[in-house]
Amino acid sequence: MRSIMKVDQLKPLEKLPYFTITGFKQTLNLEESSTQQVRENLARWVKQGHVIRLKKGVYMTRQFYERHQNQVDFRPAVSAIITPQSYVSSEYMLQRARIMTEVTYPITAVTIKNTNQVDNALGTFSYRHIKSTLYTGFSQVTFLGAIFNQATVAKALFDYFYFRPLPRALRTQQINLAEELRLNLDELSLEVRDEFQAYIELSASPKMTFIHENIQRTLWQPSSKPS
C-alpha cells in the first residue's frame, strides 16, 4: 500500500516559480519508481488547492502564487513556463503600453510552435504561430528565476495587426485604422515608428503595407512626428 505524502513536503518548492514531477522527486530524494505516487498526490493537492497545475506535468505551489500574483511580470513568466519558445506580445503588451486601454485581454504570446491556447486556474494563455523570419523584436526578462521574452512596443503593434483579420470594410483609403480600432498611436516616438516600419518591410505583406501607409497618412504625417 502506497503511503500518502504530506502537504508540508511542498515547502522546499514554495520559492520556485514552477516545478515538474521530476523536479519534485529530486527535491525530496524520492526513488524513480515513485512517479505514479507523486502524480496521485499532486492530483490530490490540486483538488485541495495546495498546488496549481499550469499544464500537464508542470505545477506551481499556492504559496508562490499568493505571494507574487499581483506583480506585473507574474503572468508573462507563467506564459513562458507553459510555452518556453515564445514571447508576450500583441494585445497584452499594447495594453501594458497604454496603446489599448478599454478591454482586459488574456496573455497573448507569439511562438514558432503551433498556435495553441491553454486555460488553467490562472487564466487564458494564447499562443499564435509566426514564421521564423518574423520571430524577432523582443527582449529577455528574468522574474524570480523564470525567464520570459517580451515584445518591444513596435513589434507588439506589428503582431497585433499581423494576426488580426482586416475586413474589406476597413481596406479603404477613407478609413482611419487607428481611430476605428481605438489605438493610441499618436504619441509613439520616431524610433518606435521606424522599428515598426522595419517589421513591415521584413514581412513583405501587402496587408501590412496597406496598414502602415494608412497609419502614416492619417496619423504619422511628418508634422506630427515627435522631435
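If R0 is 45 Å, the Cβ-Cβ spacing of Tyr135 and Asn176 corresponds to a FRET efficiency of close to 0.90.
The modelled label-to-label distance between Arg168 and Leu30, using points 7 Å beyond Cα along the C-beta direction, is 5.9 nm.
Our estimate of slack between Arg39 and Ser205, defined as 0.36 nm per intervening residue step minus the Cα-Cα distance, is 55.0 nm. For segment 60-114 and segment 1-53, compute the distance between their C-alpha centroids and round to whole Å. Computed from Cα coordinates, the inter-centre distance equals 26 Å.
Highest average first, the peptides 84-93, 28-37 ordered by how many other beta carbon atoms sit within 10 Å of their residues are 84-93, 28-37. Relative contact order, whole percent, for segment 131-227 stands at 29, derived from Cα pairs under 8 Å and 6 or more residues apart. Considering only alpha-carbon pairs that sit under 8 angstrom and 6 or more positions apart, the relative contact order computed for segment 134-178 is 25 percent. The label-point distance for Glu191 and Arg53, in a model that sets each label 7 Å from Cα toward Cβ, rounds to 4.5 nm. Gaussian network model of the chain, Cα springs within a sub-10 Å range: biggest mean-square fluctuation belongs to which of Ile81, Ile99, Ile175? So, out of Ile81, Ile99, Ile175, the one fluctuating most is Ile175.
Scan (1) 59; (2) 31; (3) 36 for the value of percent of Cα pairs over 33 Å apart calculated from this model and give just the label. The calculated read-out lines up with (2).
Calculated mean residue ellipticity, 222 nm, the chain: -11000 deg cm²/dmol, from DSSP H runs (n ≥ 4) at -39500 (n - 2.57) each, averaged per residue and rounded to 500. Sequence-distant contacts, meaning Cα pairs under 8 Å at least 6 residues apart, place the relative contact order of the chain at 15 percent.
No value in this document is a laboratory result; all are computed from the given coordinates. Just so we're clear, the structure is a prediction, and the values are computed from it rather than from any experiment. All Cβ positions, even for glycine, are placed from backbone atoms using ideal geometry, and neighbour counts span all protein chains on display.
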